[in-house]
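Participant: Would you mind keeping the following structure in view while I ask a few things?
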Amino acid sequence: MELSLLLSQLFNGIATGMLYVLMAMGLTIIMGTMGVVNFSHGVLFAFGAYFAYLIAEKTGFFGALLLAPVVVGLIGMVLERALVARVYGKDPLYGLLLTFGLAMALEEVIRIGWGTAGLPFSAPGFLSSFIDLKIMFYPAYRLAVLGFILLLIAALWFFLERTTTGKIVRAGIQDSVMVGILGVNTKALFTGVFGLGTFLAGLAGVLSAPMSGIMPTMGDNVIMPSFIVIILGGVGSFWGSVTGGLMLGIIVSLCIQFVPAVAELSMYLVMALVLLVRPRGLFGEEGLFE
Amino acid sequence: MIWSKKDILRIGAVAALFAVLPLLLPKIGSSIPVGTEIMVWGIFAMGFNILLGGTGILSFGHAAFFGLAGYATGLLILKDRLPLVLAIPAAVLGAFLAAALIGALIIRKRGIYFAMLTIAFGQMFYFIASQWNSLTGGLDGLTGFKRTVFLGFDITPEVNFYYFVFGFFLLTLLFVKALMNSSIGKTLVAIRENVHRAEFLGIDVKKYQHFAFVVSATFSGLAGALYALLLNFAFPELLHWKTSGDAVLMSVIGGMRAFFGPLVGAGIFVFLRDIISTYTPHWALPLGAIFVIFVLFFQKGVLGIFERGNGK
C-alpha cells in the first residue's frame, strides 16, 4: 500500500467529514434547542447547491458562496415560522414526521425547478489545480474547503462561547423553557436557531457542489451521515459533532479505498455500535431523548 | 368472542368491497393490480400500525423486513425451486426472525433514538441488498422468478392473484382486530397512553413492545413477499428507509388511532400516486404536502375527521 494513497484518502475523509460537521452542527442545535429532528436538512443542503448554481451565473463562485446559504437560511426561517413552530412541545415524533413530509415535497420542487439530471458546477479557476504537498498532489479546492470550514468552526465556537447571543443559544439547548422564564424571547430564538442551522446546511451544499456535483438526491447522501454524526457525538454537543464528523468521514473514506463493498454499510455499523453501547453518544449529556 | 358483532360487520363490509373491487376498477379507468397493490400496502400498513398507533412506537426500518421477505421469496423460488406454499412462509419466517433479533437489540432505546436505530439497521439491509451482486442482482434488482401455482391454484393471471392476496388481506384484518381486542392489545394501548403507569402496574413494558415490533414486522414480511410476487421483481428500494416512511405516511394520513386508518391511508396513497402520476411525474410534491397538512392539522387522519363528524 502506498503512503500517498493512504494520505490522500485520509485527506478526502477529513474534507468529507468537515462537510458532515457543518451539517451536523445545524441539525444538532435545532435538535438540542427545539427537540425537532429535521429530516428536511438534506434537501436544504441541496437547495444551497442549486441556489449557488443560479447565483454563480451572475456573480461567480464567491457571490454564490456568500448569498446562497443566506437564502437557504431565510427559507428555513419561513418554514420554521409557518410549519415547524406548530409542533413545538408536542411528541418529538411529530417534528420528525412533519419534516419528513416537507423533505419529500421540497425534493420534488427541485426536480420541477431544475430537472432530474445532475448539473455541473466547478470550483473557481484558481482553485481547480492540484497542490504539491511533497508526498502527493492534492486538489486545491478540497484543501481550501478544509481550511474554510476550520475557520467557520472556530467562528461558530466563538459565537456560541463568547457572545451573549451565543450563550442564549447554548442555554436554550440546555433548557429552553428556563430560558423563556428568564425573559428571553424564545419565539425569536427558535426562529433564529432554525435559520442558523439551515444556513449551515445551505453552506455545506454550496461547498460540496464542486466536489460531488449537483443533483436532486444529493441531500440523501449527507442527511443520514449527519444524523449518524450527531448520534456519535451526542445531541447538542459542539465538539461531539466535530469529532463524530471527522471520525465518520475518515472511516468511510478509508473503507471506500480498501474495502469498498462495506463503505456505506460501515457508517451504519458504527452508529448501531455506538448507540447500543453508549446511547447518549461520545460527548452527549444524559437525558436528551434517551 | 374475539370479535364483536360490530367488528364482524365492519370487516365484512370492507371484505365485500374488496371482493367486488376487481369488477369496479376497470370501469373507473384503473386496473386490477392497483387493487392488489392497495391490499398489499394495506397489509403492510395495518401490521405496521400495531406498533405506531397501537403502542406508540415509531419505526423507520420496517421496509427492511418488507424487502427481506420480498428478496427471500424471489430467491427461494429462483435458486431453491421451492413451491410457493413453502417459499412464502419461509420468507415471512425470515422477517420474523430478523425482527426478533434486531428488536431484542434496540427495543430498550426510546423515542427518537429508537427511530434512528431502526433507520440504521434498515439501511444495513438496504446496502447489503444493493451491494451483494452475486446473490441479489445488486442495484438492478432480482429478476427471473415468476409466481406460478399455489397448491394447485394458478395465481399467474392478475385476477387470480388478486383473490389470492385477498385471502391474506382478510386474515390480516381479522388477526389485527383480534389482537387489539385481546388483553395483549389492551396492554399495548395502556403502554402507549402511559408508560410509567403501565410499569407501576407490573407490566413488562419492553417485552410487550418487543412483541409488537416483531408482530408488525412479520406483517411487513408477508406484504413484502406478496409484493415481490405481484411485480415478479425485488429491488433495493423495497428496503430503503423511505419505503418505511411510506408506511408511516399511510398510517398517519388514514388515521393511526382508527382500526381501518392505515388501510384507508394505503388506498389514498396508491390512488393519489397513480392519479397524479398520469398528469405529472412529480406526485411526491402533493403527497408530501398532504402529509404535512395531516401531521399539522388532522393528526387523527382521514378517519379521525369522520369521527368528529359523528359527534364522537
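The values are calculated or read from the model by the stated rules, or taken from the named source; none is laboratory data. These figures come from a predicted structure and were not determined experimentally. All Cβ positions, glycine included, derive from the backbone under ideal geometry; neighbour counts span all protein chains shown. Side chains included, ligands, DNA and RNA excluded: accessible areas come from the protein's heavy atoms. Shrake-Rupley method; radii C 1.70, N 1.55, O 1.52, S 1.80 Å.
Participant: Put +1 on the Cβ of every Lys and Arg and -1 on every Asp and Glu Cβ in segment A:143-283; which of A:F199, A:F238, A:L273 then has its Cα farthest towards the positive end of the dipole?
Facilitator: A:F238
Participant: Follow-up question, since we're still on this one. Show the residues, 5+ positions off or on another chain, whose built amide H is closer than 5 Å to the amide H of B:F150.
Facilitator: Under 5 Å from the amide H of B:F150: B:I155.
Participant: Just the number, please: Stokes-Einstein D of segment A:1-52 in µm²/s, Kirkwood Rh from C-alpha pairs, 37 °C, 0.692 mPa s.
Facilitator: D, rounded to a whole number, is 253 µm²/s.
Participant: With the cut-off at 1.5 for a/c, could you classify segment A:21-215 from its C-alpha gyration tensor as rounded, prolate or oblate?
Facilitator: It comes out oblate by the Cα gyration axes.
Participant: May I pose another question? Classify segment A:190-290 from the C-alpha gyration tensor, please: rounded if a/c falls under 1.5, else prolate or oblate depending on whether a/b exceeds b/c.
Facilitator: oblate
Participant: Please work out the Cα center distance from segment B:100-155 to segment A:201-280, rounded to the nearest Å.
Facilitator: Between the Cα centre of segment B:100-155 and that of segment A:201-280, the gap is 22 Å.
Participant: Compute the accessible area per residue over segment A:101-212, keeping the other protein chains in place, probe 1.4 Å, unit Å².
Facilitator: Ligands and nucleic acids excluded, the figure is 48 Å² per residue.
Participant: P(r) of chain B in 20 Å steps, Cα pairs, percent per bin?
Facilitator: Reading upward from the zero bin: 33, 60, 7.
Participant: Ranked highest first by the average count of other Cβ atoms within 10 Å around their residues, in what order do A:187-194, A:147-154, A:242-249 fall?
Facilitator: Descending packing order for the listed peptides: A:242-249, A:187-194, A:147-154.
Participant: Using the Karplus equation 6.51 cos²θ - 1.76 cosθ + 1.60 (θ = phi - 60°), what ³J(HN,Hα) coupling, rounded to whole Hz, does each residue of segment A:252-259 give in order, writing x for Gly and Pro?
Facilitator: 5, 4, 5, 5, 4, 6, 9, 9
Participant: How high is the relative contact order of segment B:102-173? Use alpha-carbon pairs under 8 Å, at least six apart in sequence, and give a whole percent.
Facilitator: 11 percent
Participant: Still on this model: Can you run phi through the Karplus equation (6.51, -1.76, 1.60; θ = phi - 60°) for segment A:174-188 and list ³J(HN,Hα) in whole Hz, with x for Gly and Pro?
Facilitator: 5, 6, 6, 5, 4, 4, x, 4, 6, x, 7, 6, 5, 4, 5
Participant: Of the accessible area of the protein assembly as shown, with the probe set at 1.4 angstrom, what percent is carbon plus sulfur?
Facilitator: 68 percent
Participant: OK, next. How high is the relative contact order of chain A, given as a whole-number percent (alpha carbon pairs under 8 Å, six or more residues apart)?
Facilitator: For chain A, the relative contact order is 37 percent.
Participant: Quick one: which residues, 5+ away or cross-chain, put their amide H under 5 Å from the amide H of A:F130? H built at 1.01 Å from N.
Facilitator: Hits under the 5 Å cutoff: A:A140.
Participant: Still on this structure: Per-residue Cβ counts within 10 Å, from other chains only, averaged over A:105-111: what number is that?
Facilitator: Whole-number average of other-chain Cβ neighbours for A:105-111 is 5.
Participant: Follow-up question, since we're still on this one. Below 29 Å, Cα to Cα, which lysines can B:K207 reach? Residues fewer than 8 away in the same chain don't count.
Facilitator: The reachable lysines, counting only those whose Cα sits under 29 Å from B:K207, are A:K90, B:K109, B:K177, B:K186, B:K242, B:K300.
Participant: I've got another one for you. How many Å² of accessible area per residue for segment B:137-232, probe 1.4 Å?
Facilitator: 46 Å²
Participant: Can you list the residues of segment B:259-287 whose accessible area drops by at least 10 Å² going from the chain on its own to the full set of protein chains, with a 1.4 Å probe?
Facilitator: So the qualifying set is B:H282, B:A284, B:L285.
Participant: With a/c under 1.5 counting as rounded, go ahead and sort the protein assembly as shown into rounded, prolate or oblate using the C-alpha gyration tensor (a ≥ b ≥ c being the square roots of the eigenvalues; past the cut-off, prolate if a/b is larger than b/c, else oblate).
Facilitator: Taking the square roots of the gyration eigenvalues as a ≥ b ≥ c, the protein assembly as shown is prolate.
Participant: Follow-up question, since we're still on this one. What residues does segment A:34-51 have that are buried by at least 40 Å² of accessible area in the full protein assembly compared to the chain on its own, 1.4 angstrom probe?
Facilitator: The answer is A:F39 - residues whose exposure falls by at least 40 Å² when every protein chain is included.
Participant: Oh, and also: Need one number: buried accessible surface between chains A and B, 1.4 Å probe, both sides summed, DNA, RNA and ligands left out, in Å² to 100.
Facilitator: In total, this chain pair buries about 3900 Å².
Participant: Which helices count as membrane-span-like in chain B under these terms: full DSSP H, at least 24 Å along the axis by C-alpha, Kyte-Doolittle mean of 0.0 or more?
Facilitator: B:5-24, B:32-49, B:84-106, B:111-131, B:158-181, B:205-231, B:261-279
Participant: Count the net charge of all other residues whose Cβ sits under 13 Å from the Cβ of B:L78, scoring Lys and Arg as +1 and Asp and Glu as -1.
Facilitator: Neighbourhood net charge equals +3.
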